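The values are calculated or read from the model by the stated rules, or taken from the named source; none is laboratory data. Given the structure is predicted, the values throughout are model-derived calculations rather than measurements. So basically every Cβ, Gly included, is an ideal-geometry build from the backbone, and we count neighbours across all protein chains shown. Surface areas here come from the heavy atoms of the whole protein model, side chains and all, with no ligands, DNA or RNA. Shrake-Rupley method; radii C 1.70, N 1.55, O 1.52, S 1.80 Å.
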Amino acid sequence: MDELHRKSIAELSAGLAEKAFSSVELTRHFLARIRDLDSGLNSVITVAEKEALLQAGAADERIQKGEAGPLTGIPLLHKDIFCTKGVRTSCGSFMLDNFISPYDATVVERLAAAGMVMLGKTNMDEFAMGSSNETSHYGPVKNPWDTERVPGGSSGGSAAAVAARLAPAATGTDTGGSIRQPAALCGITGLKPTYGRVSRYGMIAFASSLDQAGPMARSADDCAWLLSAMAGFDERDSTSVERPVDDYPGALEQPVKGLRIGVVKEFFETGLDKDVAASMEQAMEELKRFGAELVEVSLPHSEYSVAAYYVVAPAECSSNLARFDGVRFGHRCEDPKDLEDLYKRSRAEGFGAEVKRRIMIGTYALSAGYYDAYYLKAQQVRQIIAQDFRDAFAQADVLLGPASPDVAFRLGEKASDPVSMYLSDIYTIAVNLAGLPALSMPAPRVKGLPVGLQLIGNYFDEGRLLGVAHQLQKATDWHLQTPEAFS
Amino acid sequence: MTLERDDVEKIAHLARIAVEPEELDVLQRELGGILHLVEQMEKLDTDGITPMAHPLDMPQRLRPDVVTEENHREEYQAVAPLVENGLYLVPRVIE
């Protein structure tokens, strides 16, 4: 039983089918790991022990009756941005510290329908705004590879929990890199799907034209199974795409031979740590060995992506977060003297510093007289960046680069300088602006710390990305390495 | 474009966020720093470029105009800060 947390989802699924262990046993194993090991990491905000054991019991019945699917009985953690009926959904904010959602997010509903067992909710940057998990009301998450370092963000709790094997898998969301950057810094595999592939219903909105949910797990194989259950049209999300879901597990064995892999020139220029660059070289050598053709491609305007992002994302966040007004749900200040005082103090008390900064930047950008100079300009820059990608995909099937310019930084290192924090997402943001799918998978570690290899695909090419990652993972053990204290 | 203290106060009011006078200097510096980052966009010529409204260039879907939502008043009000007789209570708005 001791080694259950070292198994892949496919292995766990086989074990459940063969009755080598039950879902209740598996669930208890992971709940015990969270109880024993998470105090040093702070990756979980809410443990849902009672609900998890009920779901596990129901999964065991399904398995008994022969009605199980490949994910039935497998435990997972949800990022605390997904609404879960009956279990607190805080979004990492004091504003929602007392919020219990009356309904489930579509992602939660679909994974539950597949028979997955929710162990609890993971820590995150407040309202998903941050790249280090230090903006959470519930305190920072520690990186399991070095607890003096950040796990990345905003899905830092999900990444740290999977890296520490506190759960086989977790959900994440990615608005500017919030799945890929923490996956990179914690040494796991995380996929941001094409915009619109996974429903945003019940996922607390940050920047609606960028937000996308995706799976975070040890391997591309695990992510393929999770994405199969998460993806698909949902009429409750007006930007959900009406298009059949590909067979992601079936795409894993596509050969890499003959594939044109575009190495993004700009991602290897200024700012990239030389050891991270060397790690990328090793991964590229491996791909060449498989017969992939590596070509250099350029995204000439990618340097403008951070600037455009810090207009689009704050503008949309200022609009989305206007709903937190202290009236219908969430935090309300004491003794408001009038309605304006109620709004202003509830919001001042409920939101942390980073969220307030972004709301204010967005409010400014959208205020009378500034719309053309900021929001409209940013949407034009976005178009130019999307065109760069269209040009690159004329020369390559998949694009490649690092997910982050360096390994995990130290807690507090960038916390006092918002702009230096923003620049840690320099390789991930352009993908969100264009709406493309991309994943980060472990590359060879440097200085003992994980490094993320980023693969970017054309629209709806998630299967191909997962296939390339899976072929690399079949030939290497980069994704199997576990921090010693959690092995 | 530099941001003055007055601008920060005005933005905070528009955003309905209470700001203490002693927070203004820090906010002025931080918001100014972010705007400085954003202004890099000015170096890029965007004349004649169609703004990108949607990553997939997809129109908004329409649905039939029928009632699909059920009444969830009690569940929704269970998480409200202050309710009475099915109504959300706020401070007096009309004198």
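The DSSP beta bridges internal to chain A are antiparallel in roughly 70% of cases. The modelled label-to-label distance between residue A:339 and residue A:376, using points 7 Å beyond Cα along the C-beta direction, is 3.2 nm.
In the context of the full protein assembly, residue A:94 retains an accessible surface of approximately 80 Å², using a probe radius of 1.4 Å and ignoring ligands and nucleic acids.
Scanning residues 5 or more positions from residue B:83 or on other chains, those with amide H under 5 Å from its amide H are B:89, with H placed 1.01 Å from N in the peptide plane.
Enumerate the lysines that residue A:377 could reach by cross-link, defined here as Cα to Cα under 29 Å, with residues fewer than 8 away along the same chain left out. Excluding near neighbours in sequence, the set is A:192, A:265, A:356, A:414, B:10, B:43. On the stretch A:404-487, 49 percent of the accessible area sits on carbon and sulfur atoms, based on a 1.4 Å probe.
Taking all protein chains together and a 1.4 Å probe, the residues B:13, A:479 rank B:13, A:479 from largest to smallest accessible area. Among A:6, A:149, the sequence by solvent-accessible area, most first, with a 1.4 Å probe is A:6, A:149. Across the protein chains, with a 1.4 Å probe defining accessible surface, the residues A:426, A:385 rank A:426, A:385 from largest area downward.
Shape of the stretch A:4-253 from its Cα gyration tensor (a ≥ b ≥ c, root eigenvalues): rounded if a/c is under 1.5, otherwise prolate when a/b > b/c, or oblate? Rounded.
The H on the amide N of residue A:294, modeled in the peptide plane, is under 5 Å from the matching H of A:261, each at least 5 residues off or on a different chain. Less than 12 Å Cβ to Cβ from residue B:43, Lys/Arg counted +1 and Asp/Glu -1: what total charge do the surrounding residues give? That sum, taken over residues with Cβ under 12 Å, equals -3.
Per-residue Karplus couplings for the stretch A:36-53, computed as 6.51 cos²θ - 1.76 cosθ + 1.60 with θ equal to phi - 60°, are listed in order as 7, 10, 7, 4, x, 10, 6, 7, 10, 8, 10, 9, 10, 4, 4, 4, 4, 5 Hz, Gly and Pro entered as x.
Quick check on the protein assembly as shown: take the gyration tensor over C-alpha atoms, sort the square-rooted eigenvalues as a ≥ b ≥ c, and tell me if it's rounded (a/c under 1.5), prolate or oblate. Oblate, because a/c is 1.5 or more while a/b does not exceed b/c. For the stretch A:4-253, the antiparallel share of DSSP beta bridges with both residues in that region comes to about 70%. Heavy-atom accessible surface of chain A, averaged per residue, reaches 32 Å², computed with a 1.4 Å probe.
Each of residue A:3 and residue B:71 was given a label point 7 Å from its Cα along the Cα-to-Cβ line. The distance between the two points is 5.9 nm.
Averaged over peptide A:373-379, the number of partner chain Cβ atoms lying within 10 Å of each residue's Cβ comes to 5. With the simple spin-label model, which puts each label point 7 Å out from Cα in the Cβ direction, the residue A:353 to residue B:82 separation comes to 3.1 nm. Scanning residues 5 or more positions from residue A:233 or on other chains, those with amide H under 5 Å from its amide H are A:243, with H placed 1.01 Å from N in the peptide plane. Computed from backbone phi with θ = phi - 60° and the Karplus coefficients 6.51, -1.76 and 1.60, the 3J(HN,Hα) list for the stretch A:172-185 is x, 9, 9, 9, x, x, 5, 9, 6, 5, x, 4, 5, 6 Hz; x is used for glycine and proline. Taking θ as phi - 60° and the Karplus parameters 6.51, -1.76 and 1.60, the scalar couplings of the stretch A:115-127 work out to x, 6, 10, 7, 7, x, 10, 9, 5, 6, 5, 3, 6 Hz in sequence order, x denoting glycine and proline. Neighbours of residue A:457, meaning other residues whose beta-carbon lies under 9 angstrom from its beta-carbon, give a summed charge of -2 when Lys and Arg score +1 and Asp and Glu score -1. Under the convention that each Lys and Arg Cβ holds +1 and each Asp and Glu Cβ holds -1, the size of the dipole of the stretch A:408-487 around its Cα centre is about 160 debye. When the surface is traced with a 1.4 Å probe over the full set of protein chains, residue B:6 keeps roughly 110 Å² accessible. With the Cα gyration tensor of chain B giving a ≥ b ≥ c as the square roots of its eigenvalues, does the rule (a/c under 1.5 for rounded; else a/b larger than b/c for prolate; else oblate) give rounded, prolate or oblate? Judged from the Cα gyration tensor, chain B comes out oblate (a/c at least 1.5, b/c at or above a/b).
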